[in-house]
Amino acid sequence: MSQRAFYVTTPIYYVSGNPHIGHAYTTVAADVMARTTRCTHETAHFLTGTDEHGQKIAENARIAGLEPQAFVDSLIPRWKALLDAYQITNDDFIRTTDERHERGVQRAFEILRERGDIYPGKYEGWYCTNDETFWPESKLIDGRCPNQECRREVKWLSEDDWFFRLSAYNERLLAHFKAHPQWVRPHRVYNEMLAILESGLDDISITRATLSWGIPVPGGEGVIYVWFDALLNYITAIGWESPDAAQRALFERLWPANVHLIGKEIARFHTIIWPAVLWGLGLAEPAGVIANGWLTFNEEKMSKSKGNVVDPFEIAQRFTSDAVRYFLLREAPFGQDFNFSEEAVVRRYQADLGNDLGNLLNRTLTMVEKYCDGRVPAPVDAANLPINGLAERVAASVPACDFRDALEDIWQLVTALNKMIDESKPWELRKRGETTALDACMYRLCEGLRWLAVLLHPFMPAKSQEMWRQLGFAQTPAQPWTSALRWGLAEEGTRVSKGVPLFPRLETAVEGA
Ligand code: MSP
């Protein structure tokens, strides 16, 4: 129990509306990482959740004619349904309105205040409600929010607040960045953050005297700033300072996190403010922060406020969530923006999934039925199939968020197996009576497909399970890779059971949706 587990998190999502495919993106990435880890280490702990405080949510609740708590409660089922729709295997789901979280945030506030990292002051400045961010006058563009995706009007605030002494951590942050050039990825984001540190940090206001929706300032007026509140979820969820000893033990086991996955727009909070808060609390920084690029729609960031969003439920129903998971991680390297278009999903579905993978399974099982009486023949070696080092490469790529590389590596095996069929022409071997060569070819196909089901399981859990079933294997392809990915484990005599195509032609899928 004392053994460390791989701790991976997603951002906690604002429940100011319904989820869109951009939210599913980061969560799917974290899920693939958690599932892979469970097959390559022993354990993973995967946290996701919702960010429920802040002015924007209070305003949306008012517009909806509901109390903020009732408003967020009404939206939660939709956010949890997203996890089911995408086969997400999170171990925990934190809401910032959970008692465990609110208690932890107040405790953090008190500790930092006792240590002198939080002090009272007067806040006068510009606030963007949409981004829940304070901006200095010098950063505004034409008097508006400088975030190019927002550019909304900012409000002048003047109030007595509490401040976090961020400036005191400037040097330590710089030293940390310089000593660990990999701790923020991709490198472009690292460089942007480094430039912010080099230009000097100001202290930040971390309370809102005039707001009432949020976590109350202990022994004071107003509520704690939504970002200070939200970042702490990564430790309050796993039992930091919990009254429960078992929870505290979980914290000891899991912290520091292995990786926070985030969207690139929230890198400043996670790589500058968050480590400083942790250091103030006497805790270690997370081992890594990896930022994804944006899903765009006609070159603009997809976002609720722009209204240019793709419904993740509809798209999963149309193509299956396995195919959407595959598309999201195959289409572009993780740190890059890319356009989400239905045509692009259709292309991947038909080419990679239908033609390459689905047909490979289908052709193989048809031939095994025809030439081998529906049974896996006796084991033979892997000949020149590209399996050497494959599992190790995928196991290294996934934790680094190089999902696309991992899938490309796996696809080399898909391609090689298809090529083997085209070149060895089993139907001719059969005609010529070359049974040994025919059986060897069939074995390599079955065993190669077994490898594919195991390797693809983190990416496409339901489809790989279906492959597994059709290949006639017992249980599940979610197995420890060190034991499952050894060549020759497909047992002679296993009865295959060809079923419906893995990725049916789209017209059928659409009709059936
Ligand atoms: N609540 C804060 C995060 C607090 S974390 C301590 C927040 N929430 S959010 O709902 O606005 O979005 C969070 C995340 O959703 C982004 O950082 C990103 O991971 C994901 N995405 C939202 N829109 C996206 C795209 N269009 N494209 C890719 N990811 C997107 O910020």
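The values are calculated or read from the model by the stated rules, or taken from the named source; none is laboratory data. Since the structure is predicted, the reported quantities are computational estimates derived from the model, not experimental observations. Ideal geometry is used to build each Cβ from the backbone, glycine not excepted, and the neighbour counts take in all protein chains shown. The area values use the complete protein model at the heavy-atom level, side chains included, leaving out ligands, DNA and RNA. Shrake-Rupley method; radii C 1.70, N 1.55, O 1.52, S 1.80 Å.
Can you give me the Rg/Rh ratio for the stretch 374-513, using Cα atoms for both radii and the Kirkwood formula for Rh?
Over the Cα atoms of the stretch 374-513, Rg/Rh equals 0.98.
What do you reckon, how do Tyr13, Tyr443 stack up by accessible area (1.4 Å probe), largest on top?
Largest to smallest exposure gives the sequence Tyr13, Tyr443.
Simple spin-label model, 7 Å along Cα-to-Cβ: Val500 to Arg188 in nm?
About 4.1 nm separates the two model spin labels.
List the aspartates and glutamates whose Cα sits under 19 Å from the Cα of Lys139, skipping any in the same chain fewer than 8 residues away.
Of all the aspartates and glutamates, those that pass the test against Lys139 - Cα under 19 Å, at least 8 places apart if same chain - are Glu124, Asp131, Glu149, Glu153, Glu192, Glu198, Asp202, Asp203, Glu265.
Peptides 371-379, 358-366, 499-507: what's the order by average Cβ count within 10 Å, highest mean first?
Ranked from most to least packed, the peptides come out as 358-366, 371-379, 499-507.
As a check on your grasp of the helix formula, calculate [θ] at 222 nm for the chain: sum -39500 (n - 2.57) over DSSP H runs of n ≥ 4, divide by the residue count, round to the nearest 500.
When only DSSP H runs of four or more count, the value is -14000 deg cm²/dmol.
With label points built 7 Å along Cα→Cβ from the Cα atoms of Ala400 and Arg430, find their separation and express it in nm.
Each label point is offset 7 Å from its Cα along the Cβ direction, giving 4.4 nm.
Which entries of Lys178/Lys301; Lys370/Lys498; Lys155/Lys301; Lys80/Lys264; Lys301/Lys463 have Cα-Cα distances beyond 20 Å here?
Too far apart for the 20 Å limit: Lys178/Lys301; Lys155/Lys301; Lys80/Lys264; Lys301/Lys463.
Using the heavy atoms of the protein chains alone and a 1.4 angstrom probe, what is the accessible area of the chain per residue in square angstrom?
41 Å²
For Gly49, what residues show an amide H to amide H distance below 5 Å, using hydrogens built from the backbone and excluding near sequence neighbours?
It is Tyr13, Ile94, by chain and number.
So, with a 1.4 angstrom probe, what is the percent of accessible area on the stretch 6-292 that is carbon and sulfur?
Carbon with sulfur: 49 percent of the solvent-accessible area.
Under a plain spin-label model, where a point goes 7 Å from the Cα along Cα-to-Cβ, how far apart in nm are Trp156 and Glu124?
With each label point 7 Å from Cα toward Cβ, the separation is 0.9 nm.
Percent of alpha carbon pairs in the chain separated by more than 45 Å?
22 percent
Just the Kirkwood number for the stretch 1-158, please: inverse of mean 1/r across all distinct Cα pairs, in Å, one decimal.
Evaluated over the stretch 1-158, this radius sits at 18.3 Å.
Hey, if we sort Lys155, Lys122 by accessible area with the 1.4 Å probe, largest down, what's the order?
Lys122, Lys155
Keeping all protein chains in position, work out how much accessible area Ser167 exposes to a 1.4 Å probe, and write it in Å² to the nearest 10.
Approximately 50 Å² of Ser167 is accessible to the 1.4 Å probe.
Over the chain, calculate the relative contact order: mean separation of alpha carbon pairs under 8 Å at least 6 apart, over the residue count, as a percent.
16 percent
Measure nothing but the geometry: give the 0 to 90° angle between the long axis through the Cα atoms of 403-424 and the longest principal axis through the Cα atoms of the chain, rounded to 10°.
Approximately 10 degrees, to the nearest 10.
Using a cut-off of under 18 Å, list every residue of the stretch 349-365 whose amide N is near the label point 7 Å from the Cα of Asp422 along the Cα-to-beta-carbon line.
The answer is 350-364.
In bins 10 Å wide, starting from 0, what share of all Cα pairs of the stretch 318-423 does each bin hold, as a percent?
The calculated distribution, bin by bin, is 13, 36, 33, 15, 3.
In Å³ and rounded to a whole number, note down the convex hull volume per residue for the Cα atoms of the stretch 6-292.
133 Å³
Would you please give the FRET efficiency between Gln336 and Ser483, computed as 1/(1 + (r/R0)^6) with r the Cβ-Cβ distance and R0 = 45 Å, to the nearest 0.05?
Efficiency, from the Cβ-Cβ distance: 0.80.
Considering only protein heavy atoms, what is the solvent-accessible area of Asp91 at a probe of 1.4 Å, reported in Å² to the nearest 10?
80 Å²
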